[in-house]
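Notes to accompany the following structure.
The values are calculated or read from the model by the stated rules, or taken from the named source; none is laboratory data. Since this is a predicted model, take the numbers as computed values, not measurements. Glycine also receives a Cβ, built like all others from the backbone with ideal geometry; neighbour counts cover every protein chain displayed. All accessible areas refer to the heavy atoms of the entire protein, side chains included, with ligands and DNA or RNA removed. Shrake-Rupley method; radii C 1.70, N 1.55, O 1.52, S 1.80 Å.
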Amino acid sequence: MKKATTVEGLIEQLIDVGSTAVRQGFVLASGGNLSARLPGSDEFVVTASGTWLDRLVPEDFSTMNLQGEVVAGTPADNPRPSSEWKLHQRTYRVREDTNAIVHIHPQHAVLVDALGYEIRLLTLDHAVYVRSVGRTDFHPNGSDELADTAAEQAKAHNCVILGNHGCSALGEDVGMAFRRAMNLEEAATATYRALTLGDRTTTFPVSPDDAIQHA
């Protein structure tokens with residue numbers, strides 16, 4: 001997926017990500033939300049409230065700024081944003097290098113975390129793309145507590161587990177954010193399988209930094 005150079009291009013990529021995420025079982029119906037911005041922009045597009053991620057059309061996106069305001073326009077231009085808009089806004093404010101956020105509900109990532117286990121990185125792709133995993137305790141969706149704790153974790157991690165809820169994956173573009181989300185769920189699935197075999201220690205043999213140098 002090439003980097004988009006227009007807002008219309010960002011929306012087209014987010015529509016594709018939403019469809020793929022549902023098809024691969026990472027989220028159901030209107031669960032989860034997606035956002036993106038052009039590099040250096042004070043504005044971002046985010047999926048509207050109640051939209052099903054596999055049925056998105058360009059009219060299903062709202063434009064907001066980093067102050068948390070819906071940009072002026074007609075209701076058709078800017079429908080009511082997802083109740084999770086703060087999750088995106090607060091993260092963009094602390095991560096200037098982030099231009100896309102994928103918030104989905106991957107089952108294995110949520111389950112492994114809920115059971116009290118750390119998600120282990122087991123493959124080269126896990127080490128390179130996920131690198132490290134942050135987490136928050138459970139907070140109600142759309143709450144300041146969820147948005148603020150996730151943003152705090154995002155200062156150090158590109159993938160954040162939202163306790164008993166889902167995950168937030170960050171990227172410099174839409175493709176990278178979704179790649180990280182997919183690799184996080186793959187790492188969680190591998191961790192779950194290792195646990196069922198009684199293994200609680202196996203991880204990738206070198207540090208993520210070393211893995212990147214040799215990738």
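Work out the P(r) tail for the range 61-215: percent of alpha carbon pairs separated by more than 18 Å, whole number.
59 percent
Please report the relative contact order for the chain, taking Cα pairs under 8 Å with a sequence separation of at least 6, and give it as a percent rounded to a whole number.
Here the relative contact order equals 21 percent.
Would you look at the GNM of the chain, springs on alpha carbons closer than 10 Å, and say which of SER143, SER132, SER168 moves the most?
Its mean-square fluctuation being the largest, the pick is SER143.
Which GluC sites (Glu not before Pro) in the range 1-91 pass both tests, a DSSP loop state and at most 13 other beta-carbon atoms within 10 Å?
Passing both the DSSP loop test and the Cβ count: GLU69.
Per the 1.4 Å probe, what fraction of the accessible area of the range 80-149, in percent, lies on carbon and sulfur atoms?
With neighbouring chains kept in place, the figure for the range 80-149 is 48 percent.
How much space per residue, in cubic angstrom, does the convex hull of the C-alpha atoms of the range 17-126 take up?
Value for the range 17-126: 125 Å³ per residue.
Relative to the longest principal Cα axis of the chain, at what angle does helix 174-196 sit, 0 to 90 degrees, rounded to 10?
The two axes meet at around 30 degrees.
Treat every Asp and Glu Cβ in the range 82-203 as -1 and every Lys and Arg Cβ as +1, leave all other atoms uncharged, and give the resulting dipole magnitude about the Cα centre to the nearest 20 debye.
Dipole size: approximately 160 debye.
Charges only on Cβ, +1 for Lys and Arg, -1 for Asp and Glu: so what's the dipole of the chain about the Cα centre, in debye to the nearest 20?
Using only the charged Cβ atoms, the result is roughly 400 debye.
Keeping every protein chain present and rolling a 1.4 Å probe, give me the accessible area per residue for the range 96-152 in Å².
On a per-residue basis, the range 96-152 sits at 46 Å².
Give the long-range amide H neighbours of ASN158: residues separated by 5 or more places, or on another chain, with amide H under 5 Å away, using H modelled in the peptide plane at 1.01 Å from N.
Counting only residues 5 or more places away or on other chains, the set is SER132.
Please give the calculated 222 nm ellipticity per residue for the chain, where each DSSP H segment of at least 4 residues contributes -39500 (n - 2.57) and the sum is spread over every residue; nearest 500 deg cm²/dmol?
Here the helix-only value at 222 nm equals -11000 deg cm²/dmol.
Between ARG200 and GLU8, take the C-beta separation as r, use R0 = 35 Å, and let me know the FRET efficiency to the nearest 0.05.
After rounding, the FRET efficiency stands at 0.15.
For the chain, give me the percentage of DSSP beta bridges that are antiparallel, rounded to the nearest 5 percent.
Antiparallel bridges make up about 85 percent of those DSSP assigns within the chain.
May I ask you to compute the full-extension gain from ASP16 to LEU111, defined as 0.36 nm times their residue separation minus their alpha-carbon distance, rounded to one decimal in nm?
Full extension of this stretch gives 31.6 nm more.
Can you work out the PRE-style zone for GLU69? Point 7 Å along Cα to Cβ, and I want the residues of the range 17-55 with backbone N under 16 Å.
Flagged as within label range: 42-44.
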